[in-house]
Amino acid sequence: MAELRYNHAVNRAMADAMAADPTVVLFGEDVAGAGGVYGATRGLRDRFGPERVRDTPISEAAIVGMAVGAALSGLKPIVEISFIDFMTFAMDAMVNQAAKMRTMFGAQCAVPMVLRTQHGGGAGSGPQHSQCLEAWFAHVPGLKVVCPSDPASAYGLLRAAIDDPDPVIVVEHKGLYATRVPEPGALPILPIGKAAILKPGQDLTVVSYGGALRAVKEVAATLAAEGIGAEILDLRSLQPWDEAAVLASLARTHRLLIVHEAVEAFGVGAEIAARMADIGFDELDAPILRVGAPFMPSPVAQALERRYMPNHDTIMAAVRRLLA
């Protein structure tokens, strides 16, 4: 049976968008000749030529700065920053320029750019190559942030990001690139801001996104064997996020657990918990709980990293607390 890999879905999304729109261009470190650090841009230069697929110097600030200028000039650039950790070099261009242009110029211009980047642990890459910093960008008005969890959402969210008239950050988990599903054939463009129910349930709601959903699904299978129904909600979009879908699920299950690989403190889960404690208070039969990484840099040793990242045991412990 034919299969579709996550990184191939990313590649297909860019290829389809570039074929449909000649203003879509791609540039970044090693995206042309080498096909990207994770192989997601392989073959695109051969298909669309060196004018539309270009390698750049190793300068994240220059890459994102060029993307802002290209977007303001009528192109739709896609740029790749190999690790989200290196977005620290590009914060001015992304946060102070791309995110603010529409407001500063009275909606007379837009910045239709996509920034693809990667986050997450699992490979022992250490504290400078494993961070999950998506909450930084979800905090910035003017930016949209999505985080696909499987090949279908990797395709659908990236296509939506390319079509969007404003800057969108697409955060891919590097531990998912090799994951695969049976070839789905036609893949739809998914709306930004909409969550998806991956598994219905009646006893508790688990909200998660990206790579953390792997452990969430394992826990749900364990619970199902015990006769406990966990509803899994894949957030997909972090800014804007689907508040209505989370509230509707909470109204069905009356218990809420939020799981993400980023550190728990001041994260996406904190925002969701605060909103549900406000607008969903009457639906709660137990306190809202979060599971995230501890407030410390990611360890290099993989044995320690496995304990650092949310896993079956830490998520299950939180579920037991909720159900008690």
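The values are calculated or read from the model by the stated rules, or taken from the named source; none is laboratory data. Source: prediction; values computed, not measured. Counting neighbours? That spans all protein chains shown, and the Cβs are built from the backbone with ideal geometry, glycine included.
In region 161-183, the residue that is nearest to residue 14 (Cα to Cα) out of those that are part of a strand (DSSP E or B) and either hydrophobic (A, V, I, L, M, F, W, C) or in contact with a Pro (Cβ under 8 Å, 6 or more places away or on another chain) (or both) is 170.
Considering the conditions (1) within 24 Å of residue 243 (Cβ to Cβ); (2) aliphatic (A, V, I, L, M); (3) assigned to a loop (DSSP other than H, G, I, E, B), residue 187 is excluded by exactly one of them, (1).
With respect to the conditions (1) in contact (Cβ under 8 Å) with a residue 40 or more places away in the chain; (2) small (Gly, Ala, Ser); (3) more than 23 Å from residue 30 (Cα to Cα), residue 120 falls short on a single one, namely (3). Looking at this structure, is residue 23 at pLDDT 95 or above, among the β-branched types (Val, Ile, Thr), touching a Gly at 6+ places or on another chain (Cβ under 7 Å) and buried (at least 17 other Cβ atoms within 10 Å of the Cβ)? Answer is no for this residue. Checking each residue in region 145-160 for being outside any helix (DSSP H, G or I) and charged (D, E, K, R) picks out only 150. Number of residues in region 73-84 that are touching a Leu at 6+ places or on another chain (Cβ under 6 Å) and assigned to a loop (DSSP other than H, G, I, E, B): the value is 0. Of all residues in region 83-96, exactly one satisfies the criterion of being surrounded by fewer than 21 Cβ atoms within 10 Å (Cβ to Cβ) and either in contact with a Lys or Arg (Cβ under 9 Å, 6 or more places away or on another chain) or touching a residue at least 60 places away in the same chain (Cβ under 8 Å) (or both), namely 83. Counting residues in region 116-126 that are surrounded by 22 or more Cβ atoms within 10 Å (Cβ to Cβ), under 16 Å from the mean Cα position of the chain (by Cα), on the phi < 0 side of the Ramachandran plot and part of a loop (DSSP other than H, G, I, E, B) gives one or more. Considering region 270-310, and only residues there that are touching a strand residue (DSSP E or B) at 6+ places or on another chain (Cβ under 7 Å) and in contact (Cβ under 8 Å) with a residue 60 or more places away in the chain, the residue that is farthest from residue 131 (Cα to Cα) turns out to be 272. Just one of the listed residues (262, 301, 244, 293) is out of contact with any Pro (no Cβ under 9 Å at 6 or more places or on another chain) and over 24 Å from residue 157 (Cα atoms), and it is 301.
Only residues that are surrounded by fewer than 19 Cβ atoms within 10 Å (Cβ to Cβ), in contact with a Gly (Cβ under 8 Å, 6 or more places away or on another chain) and more than 22 Å from residue 233 (Cβ to Cβ) were counted across region 133-190, and they come to 1.
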